[in-house]
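Here the structure comes first, spelled out in structure tokens, and everything after it is commentary.
The values are calculated or read from the model by the stated rules, or taken from the named source; none is laboratory data. No experiment lies behind these values; they were computed from the predicted model shown. FYI the Cβ positions are ideal-geometry reconstructions off the backbone, even for glycines, and counts take in every protein chain you see. Surface areas here come from the heavy atoms of the whole protein model, side chains and all, with no ligands, DNA or RNA. Shrake-Rupley method; radii C 1.70, N 1.55, O 1.52, S 1.80 Å.
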Amino acid sequence: MKLATLKQDGRDGTLVVVSRDLTRCQTVGGVAQTLQKALDEWDVVKSELDAVYDALNHGAARHAQPFIPAECHSPLPRAYQWADGSAYINHVELVRKARGAVLPPEFHVDPLIYQGGSDSFVGPHDPIEACDEAWGIDFEAEVAVITGDVPIGTSAANAAHQIRLLMLVNDVSLRNLIPAELAKGFGFYQSKPASAFSPVAVTPDELGEAWSNTKVHLPLRVALNGQPFGCPNAGVDMTFNFAQLVAHAARTRELEAGSIIGSGTVSNKQGGLHGSSIGNGGVGYCCLAEVRMYETIEGGKPTTPFMRFGDRVRIEMLDEQGASVFGAIDQRVDQVLAAG
């Protein structure tokens, strides 16, 4: 099943069921007005939502309308919880290696995770807003899951059964603000502006065999200003799967239905010049920081700039038949003036 939220009827939007080919949708206000409402009552409403989905896919939906991704908000325009992991240790190792630091061995057995701002996400086609290019504007292409209610101290095996939906995410980072924040010893805040999620959230069964061991075994495709930038496989080199990440997040607290847990930047191990860019025959990258790390390791300094005003990033995942699974995140960087 595929679900989306249209920018209608208030800040939490209107839930729609979307056809598998992402061409049609139908509102389901009689079942659940919002995605959060559906998640709160998942065991009750899922069968009704499935019935609408089946009708859409067979051309039998009586109130179908065209599905327009540009009219979508993120599936959850705001959430009770947004916690982002860093499950791809290759990415973490590169960050540390570029500054001459060794990766602690416990990073291979104890997941990294931070709590992001969830009071306001932006739509998948909304701009990335920033006041200053000097902040070091970067995209981070990731996969995320939405959970049901997860009890405190749940095991990874039980956590797997509470994964309701999957999405893509652009977890925007302001790289040049990060060092000063981390130096305070209290984590990210100003360096992590609003994230954007894919137009559509999908149930795990939609991925078929590509959903295995609670990992998504498909390439995550990133284009920068219309040029291919990355296509690493999200199921490769993922040290911690989603069940482990959810269980880690719930170790000391319960997670409420509608909690979002991110994978962190998708990253595959690769060698060669600057790792292995698409231009050099590799799988490329899911953020600018990673290629800059390779450049620093190999040449002593980065040469690839961060995003500038007017730059555009597109993030998408295709199935084995070449069809878009989640729709695309497609964002331009816009300059905004600080409020007086």
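Taking K and R as +1 and D and E as -1, what net charge do the other residues with C-beta under 15 Å from the C-beta of Ile68 add up to?
Net charge around Ile68: -1.
Which value at 222 nm does the chain reach when only helices count, each DSSP H run of 4 or more adding -39,500 (n - 2.57), with the total divided by all residues and rounded to the nearest 500 deg cm²/dmol? Display every interim value, and only then the final one.
Values: 7 runs with 63 residues, N = 340.
So the helix-based figure for the chain works out to -5000 deg cm²/dmol.
Can you give me the distance in nm between label points at Asp132 and Asn213, each placed 7 Å from the Cα along the Cα-to-Cβ direction?
Label-label distance for Asp132 and Asn213, simple model: 4.4 nm.
Too long at a 21 Å Cα-Cα cut-off: which of Lys7/Lys37; Lys46/Lys215; Lys37/Lys192; Lys192/Lys301? List each step's numbers first, then the result.
On the way: Lys7/Lys37 16 Å; Lys46/Lys215 23 Å; Lys37/Lys192 27 Å; Lys192/Lys301 24 Å.
With Cα atoms farther than 21 Å apart: Lys46/Lys215; Lys37/Lys192; Lys192/Lys301.
Around Gly187, with a cut-off of 13 angstrom between Cβ atoms, what is the net charge of the other residues, counting Lys and Arg +1 and Asp and Glu -1?
That works out to 0.
Considering only DSSP beta bridges where both residues belong to the chain, give the percentage that are antiparallel (nearest 5). Spell out each step's value before the answer.
Values: 51 of 58 bridges.
So the antiparallel bridges amount to about 90 percent of the total.
How far is it, in nm, from the label point at His161 to the one at Thr303 when both lie 7 Å from their Cα along the line to the Cβ?
Once both label points are built, they end up 5.5 nm from each other.
Excluding Gly116 itself, calculate the net charge of residues whose Cβ lies under 14 Å from the Cβ of Gly116, where each Lys or Arg counts +1 and each Asp or Glu counts -1.
Numbers: positive: Arg78, Lys192; negative: Asp84, Asp119, Glu140, Glu142, Asp171, Glu181.
Around Gly116, the surrounding residues sum to -4.
Taking only protein heavy atoms into account and a 1.4 Å probe, give the accessible area per residue of the range 235-331 in Å². The partial results should precede the final answer.
Working: 3780 Å² over 97 residues.
Solvent-accessible surface per residue comes out at 39 Å².
Can you tell me the FRET efficiency between Asp319 and Ala183 if r is taken as the Cβ-Cβ distance and R0 is 35 Å, rounded to the nearest 0.05?
Working from the Cβ atoms, E equals 0.25.
What is the extension gain from Phe107 to Asp54, computed as 0.36 nm multiplied by their sequence separation minus the C-alpha to C-alpha distance, in nm to one decimal?
Values: separation 53, 0.36 × 53 = 19.08 nm, distance 4.33 nm.
Result: 14.8 nm gained on full extension.
Which trypsin sites (Lys or Arg not before Pro) does the range 144-227 hold that lie in a coil by DSSP with at most 11 other beta carbons within 10 Å?
Lys184
Once both labels are modelled 7 Å past Cα along the beta-carbon direction, what's the Gln8-Ile152 spacing in nm?
4.1
Calculate, in nm to one decimal, what Gln65 and Ile278 gain on full extension: separation in residues at 0.36 nm each, minus their alpha carbon distance. Numbers along the way, then the final one.
Details: separation 213, 0.36 × 213 = 76.68 nm, distance 3.81 nm.
Contour length minus the Cα-Cα distance gives 72.9 nm.
Using 0.36 nm per residue of separation minus the Cα-Cα distance, give me the extension gain between Gln115 and Asn225 in nm, one decimal. Don't skip to the answer; put the middle values down first.
Values: separation 110, 0.36 × 110 = 39.60 nm, distance 2.99 nm.
Going from the current span to full extension adds 36.6 nm.
Provide, as a two-decimal number, the C-alpha radius of gyration of the range 79-188 over 2.2 N^0.38 Å, N being how many residues it has.
Output field value: 1.22.
Are there trypsin sites (Lys or Arg not before Pro) in the range 297-340 that DSSP puts in a loop and that have at most 12 other Cβ atoms within 10 Å, and which ones?
Here the sparse-neighbourhood loop sites are Arg308.
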